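Only the coordinates and a few stated rules stand behind these numbers; no lab work does. Predicted, not measured: the structure shown is a model, and the values here were computed from it. Cβ placement follows ideal geometry from the backbone for every residue including glycine, while neighbour counts extend to all protein chains displayed.
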Amino acid sequence: ASQRIPNHSHLLFLFAVSSGGFVTYADAKSENDHKLPQASTKKKIVVLGTGWAGTSFLKNLNTYLYDVQVVSPRNYFTFTPLLPSVTCGMVEARSIVEPIRRIICKKKGKVTFWDAECLKIDPFNKKIYCNPCAGSNVEGGGEFIVDYDYLVIAVGARVNTFNIPGVLEHCHFLKEIEDARDIRKNVMHCFERASLPNLNDEERQKDLHFVVIGGGPTGVEFAAQLHDFITEDLAGLYPQVKHLVKISLVEAGEHILTMFDKRITEFAEKKFRRDGIEVKTGFQVVNVSDKTITMTSKSSGEASVPYGMAVWSTGIATHPVILNLMKQIGQAERRVLAVDEWLRVCGCEDVYALGDCATTIQRKVMEDISAIFKMADKDNSGILTLKEIQDVLKEIYLRYPQVELYMKTKHMTDVVDLVKEAKGEAAKVSAELSIEEFKKALANVDSQVKTLPATAQVAAQQGYYLAQCFNKMKETEDRPEGPIRIRESGRHRFKPFRYKHFAQFAPLGGEQTAAQLPGDWISIGHSTQWLWYSVYASKQVSWRSRMLVIMDWLKRFVYGRDSSCI
Ligand code: FAD
């Protein structure tokens, strides 16, 4: 299972050949076309996407070793965790984006950026088909082909509407910087509309009903930010309508923030209720029209509520270009593109995928359990004591951080929960577990944890990991046997990707944030909000955006948020 590298050397020639409406782009045109083409022995890496995964890969890659081409319909990187702050004027849109060319110009060697969307990937001929974003005056629309030696796919995901009628037409999404700007404008339009004469209170109420669908971290943060914006800034500017404002947070599950610890979920639900945000758990949206949102729940059946603005934030789906690739490589049955632990796309060569567009098929936890069990069972009795079970779990968490995340999601914070799950609620909690019982307890966990969460943390770590592998590729070509033997038979040139889980934040408004820190640490309150400020300031990709974001926060403290409709 070693990394495969094409052994043909690749010469780059400057030529453009028309082929079926597409132009084959072996390389960029030189400014001196009359010069003889220069041969390059460097391998060509094509990177699709300028989001968390693509940018992290690019920043950490030794671009001196490769010819790198970046293709993306966005010529900037967006710091997505601050998108909810843009919706309500906490920070300005331009402060959280970094032009990709500023990153490229600091790199050594040859890095080219194409402002285009990849329409199709042909993994068998190692080509991608692209459509320029800014349009083109070339006949046929200017589509072009880029060929590659290695392809790094980091195109992220698109919004998942679950095909619910009306969502696409009537709801706002919160995925891109344009979405955040639109939401900000529309909040203001709702207030201005509600302030017009000739409206009755019922019509005003409708305009000022803000519905957030999806109780995940994004939906929750947006609801919190909107509440702060309204109470701290807009209530003073629109005193005649402030009592008519309503924010509803709709979640199909039993709780909001289910990926967080139970204590955070409970705190958030209580705080929102205190703040007057209506938390509607157990409600499923089934239709959205221009005037009403229809939802059903087990307890109260179907109901339609009028609304002024709806924000849809319920999850992600796969891009069409990836679905097409999956069909070609025998992954048509899957929902998300599968990669192995080295981030190689399963079913084709020299193609890697990272971030939200792919899911790592992790080695099954169960395969490891027996080995870990034997390690912990020091007296070889075949039975683990509670203390030994705790040791086993520690080892599993170390190898599979996603197991820990899953246990927390299910609010199984203690080993006792695991024993109960294996033996039934009535069992004595001090019970010991045999390997069969232990396996049974973990079987359910195992089937759930093979995927990593779709977060910026995962995407950025994968980008860094893959760049390091590419940086060492030459070294490993010279020593193909590799120094490290990893678990199964055969030798790998690189260690597999391992995700390290750091803090996870949930800003809840009123200068309060909840944080789930490594281990079982929970921190909630005003001091955590300052931790949030410092972490997000430090995580900015450049000093420029760091300064802009800090200045925006200071500006808001002094002057409040801007309420103009621009
Ligand atoms: P993206 O960052 O989405 O980048 C995808 C890139 O691919 C973009 O540049 C796009 O233009 C490009 N692209 C798309 N289609 C094509 C194509 N056909 N051809 C070429 N290029 C293409 N995660 C956290 O860890 N913490 C948070 O606090 C957090 N907050 C979030 C808040 C919001 C509002 C949102 C929307 C997400 C948040 N996330 C957070 C999740 C995080 O943003 C994503 O997991 C992360 O962006 C995934 O990175 P990515 O590189 O896979 O995709």
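If the segment from LYS378 to ASP340 were pulled out straight at 0.36 nm per residue, it would be longer than the present Cα-Cα gap by 10.4 nm. How high is the FRET efficiency from GLU395 to ASP290, r the C-beta distance, R0 45 Å, rounded to 0.05? Calculated value: 0.25.
Hand me the trypsin sites (Lys or Arg not before Pro) from the stretch 173-242 located in a DSSP loop with no more than 16 other Cβ atoms within 10 Å, in residue order please.
Details: sites: LYS175, ARG181, ARG184, LYS185, ARG193, ARG204, LYS206, LYS242; in loops: LYS175.
Those that pass, being in a loop and sparsely packed, number zero.
Placing R0 at 60 angstrom, the Cβ-Cβ distance between ALA537 and GLU475 gives a FRET efficiency of 0.95 after rounding to 0.05.
When Lys and Arg each count +1 and Asp and Glu each count -1, what net charge do the other residues less than 12 Å away from ASP552, Cβ to Cβ, add up to? Around ASP552, the charge tally is +3.
Spin-label model, TYR559/HIS243: points 7 Å from Cα along the beta carbon direction are separated by 3.3 nm.
Of all the Cα-Cα pairs you can form in the stretch 224-367, what percent are over 18 Å apart? All intermediate terms of the calculation are to be shown ahead of the outcome.
Details: 7287 of 10296 pairs.
When every Cα pair of the stretch 224-367 is considered, 71 percent fall beyond 18 Å.
Applying 1/(1 + (r/R0)^6) with r as the Cβ-Cβ distance of ALA303 and THR41 and R0 = 60 angstrom yields a FRET efficiency of 0.35.
Is the shape of the stretch 495-563 best called rounded, prolate or oblate, per the rule: a/c under 1.5 gives rounded, else a/b larger than b/c gives prolate, else oblate, with a ≥ b ≥ c the square roots of the Cα gyration tensor eigenvalues?
Details: a/c = 3.29, a/b = 1.44, b/c = 2.29.
Verdict is oblate for the stretch 495-563.
Say the cut-off is 26 Å between C-alpha atoms; which of LYS108/LYS539; LYS42/LYS106; LYS175/LYS539; LYS270/LYS539; LYS59/LYS474; LYS42/LYS120 go over it? Exceeds cut-off: LYS270/LYS539. Of the chymotrypsin sites (Phe, Trp or Tyr not before Pro) found in the stretch 73-130, those in coil by DSSP whose Cβ has at most 10 other Cβ atoms within 10 Å are PHE124.
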